[in-house]
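K.L.:
Quick one: the structure is below, and I'll ask about it shortly.
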Amino acid sequence: MPRPHHPAGPARLRRIAAAVMFLAAPLSGCAPSGSSSVPGSAITIGISDDPAKHLAFWALENGKVDTGGLDIKITYLPNQSALQAYQSRQFNVVEASPVGVALAAQKGLATSILSAGLTDLDATVIDAAQSSGVRDPGQLRGKKLAISSPTGSSTIQTQFVLSKKYGLDTKLQGGDLAFQTTAPEAW
Amino acid sequence: MSLLSGGGVDATTNLNKPRYLLEHTPGFAPILHVSKTVHEILGAYPVTTVLTTYPEIERDRKDELTTLATALKASTDYAREHKPEVIAAVAGGNQADVDYLNWWATTSELRYGNLSTPDEAGINAFWTMANAVGQLSKIPSLAELKSVAAPALAGK
């Protein structure tokens, strides 16, 4: 039986506090000029930048679809800037993590979901060097697993699957694996 | 790749360009397709990003938000229906090559402007996972978090 997952302690609290601080600031403040609520002005969108995401907006940006006369301004943001844009309410519409929206709601801070963004069909995997001898996820007990962020979508999925299907304790600290947060460039 | 090849770590959770590069390098391979396994367990593919808006924007610009979402859906549909054209255009402009973008399109789905039943299931799947691993203390109600401009998208 998979062991239940009970993350606790200072590390988890710091992560939650950071997320709440990030979300609380924007939602308690006034909308800056870039996020006008005046009807008829341009609708502004902030999207975290990734080459593939340009695929979604190319037709819109190149006059291939009807915008109903609406002036739509799309800004692509480096990931960290996207977080700041959400914090500062810099855009009328901004891309966010579903978990960030839920955390905001739990704190009584209102944002709402206009649409889905990306669906992960088969994007997230665990890779290993063939020289490591690790061939099966069940062999990861006691091993070091690199992640790009402790709160990222790929990490959440990985923790969930390794716990539910392989019975590993996937707490970020003190579990069956040693999670190591590292920029992907170093892998 | 020095950490992996040098034994500094045993494995990596990986996606997008880093995964593409790693899997096109001899000596590395996936040992688990994580998001596919999420689908096996929860019956939904996880929606990992959403478009959000704010109360005053919804209050004052609801119809425009609906128009925006409709245009975003049309743009997303265009990308799917004219994939070679759009990939060729984007590949020239932002340092992603055609091979990578074609590969990426097999691993992820663009859903901007959509909020259909599978999208809702994917958002709930993500919340379920976050709750199970301790990042969310409770799973929220999507009905309560859905924009007033979003119901027009349902079923599309």
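No lab work stands behind these numbers, since they all come straight from the coordinates. Here the structure is a predicted model, which means the values were calculated and not measured. Methodologically, a virtual Cβ is constructed for each residue, glycine included, from the backbone with ideal geometry; neighbour enumeration extends over all protein chains shown.
K.L.:
Among the lysines, which fall within straight-line cross-link reach of A:Lys143, defined as a Cα-Cα distance under 16 Å, with same-chain neighbours fewer than 8 residues apart omitted?
P.N.:
A:Lys171
K.L.:
Same structure again: Report P(r) for region B:1-111: all Cα-Cα distances, bin width 10 Å, range 0 to the bin holding the largest distance, values in whole percent.
P.N.:
Cα pair-distance distribution for region B:1-111, in percent: 11, 29, 31, 22, 7, 1.
K.L.:
Lysine pairs, Cα distance under 22 Å, 8 or more residues apart or cross-chain: how many in chain B?
P.N.:
11
K.L.:
Amide H of B:Leu32 versus every other amide H placed in the peptide plane: which residues, excluding those fewer than 5 positions away on the same chain, fall under 5 Å?
P.N.:
A:Ile126
K.L.:
Now for a separate question. Just need log10 I(q)/I(0) for region A:49-187 at q = 0.10 Å⁻¹, Debye formula, equal scatterers on the alpha-carbon atoms, no solvent, rounded to two decimals.
P.N.:
-0.49
K.L.:
How would you rank B:Phe126, A:Phe91, A:Phe179, B:Phe28, going from fewest to most other Cβ atoms within 10 Å of each one's own Cβ?
P.N.:
The order, fewest Cβ neighbours first, is A:Phe179, B:Phe28, A:Phe91, B:Phe126.
K.L.:
In Å, the Kirkwood hydrodynamic radius of region B:107-147 over pairs of distinct alpha carbons?
P.N.:
Kirkwood hydrodynamic radius for region B:107-147: 11.2 Å.
K.L.:
What is the Rg over Rh value, at two decimals, for region B:1-41, using alpha-carbon atoms and the Kirkwood definition of Rh?
P.N.:
Reported Rg/Rh, Kirkwood definition of Rh: 1.01.
K.L.:
If you don't mind, another one. Thinking of the protein assembly as shown as a set of Cα atoms, what percent of all their pairs are more than 29 Å apart? Display every interim value, and only then the final one.
P.N.:
Values: 22380 of 58653 pairs.
Within the protein assembly as shown, distances greater than 29 Å cover 38 percent of Cα pairs.
K.L.:
Starting from the Cα gyration tensor of region B:55-123, multiply each eigenvalue by 5, take the square root, and state the resulting semi-axes largest first in whole Å.
P.N.:
In descending order, the three semi-axes are 28, 15, 11 Å.
K.L.:
Using a simple charge model, +1 on the beta-carbon of Lys and Arg, -1 on the beta-carbon of Asp and Glu, nothing else, what dipole does the protein assembly as shown show about its Cα centre, in debye to the nearest 20?
P.N.:
Working: 29 positive and 30 negative charges, 223 e Å.
Charge dipole of the protein assembly as shown: 1080 debye, to the nearest 20.
K.L.:
Step through the residues of region A:169-175 one at a time and calculate ³J(HN,Hα) from phi using the Karplus curve (6.51 cos²θ - 1.76 cosθ + 1.60, θ = phi - 60°), rounding each to whole Hz and writing x for Gly and Pro.
P.N.:
Once θ is set to phi - 60°, the couplings for region A:169-175 become 7, 9, 3, 5, 10, x, x Hz.
K.L.:
I'd like to know which of A:Thr75, A:Gln139, A:His54 lies farthest towards the positive end of the charge dipole of region A:41-166, counting +1 on Cβ of Lys and Arg and -1 on Cβ of Asp and Glu.
P.N.:
So the residue we want is A:Gln139.
K.L.:
Once both labels are modelled 7 Å past Cα along the beta-carbon direction, what's the A:Arg141-A:Gln106 spacing in nm?
P.N.:
Placing both labels 7 Å along Cα→Cβ, they lie 3.0 nm apart.
K.L.:
Among A:Asp136, B:Asp10, which comes first, second and so on when ranked by fewest other beta-carbon atoms within 10 Å?
P.N.:
A:Asp136, B:Asp10
K.L.:
Suppose every Lys and Arg Cβ carries +1 and every Asp and Glu Cβ carries -1, with no other charges. What dipole size does region B:42-156 come out with about its Cα centre, to the nearest 20 debye? Kindly include the intermediate steps, with their values, before the conclusion.
P.N.:
Values: 10 positive and 14 negative charges, 55 e Å.
Here the size comes out at about 260 debye.
K.L.:
Find the percent of Cα-Cα distances in region A:106-186 that exceed 17 Å, and round it to a whole number. Intermediate results must be reported in sequence, preceding the final value.
P.N.:
Numbers: 1771 of 3240 pairs.
Taking all Cα-Cα pairs of region A:106-186, the fraction more than 17 Å apart is 55 percent.
K.L.:
Run lengths n ≥ 4 of DSSP H only: what is the helix-derived mean residue ellipticity at 222 nm for chain B, with -39500 (n - 2.57) per run over all residues, to the nearest 500?
P.N.:
Rounded to the nearest 500, it is -17000 deg cm²/dmol.
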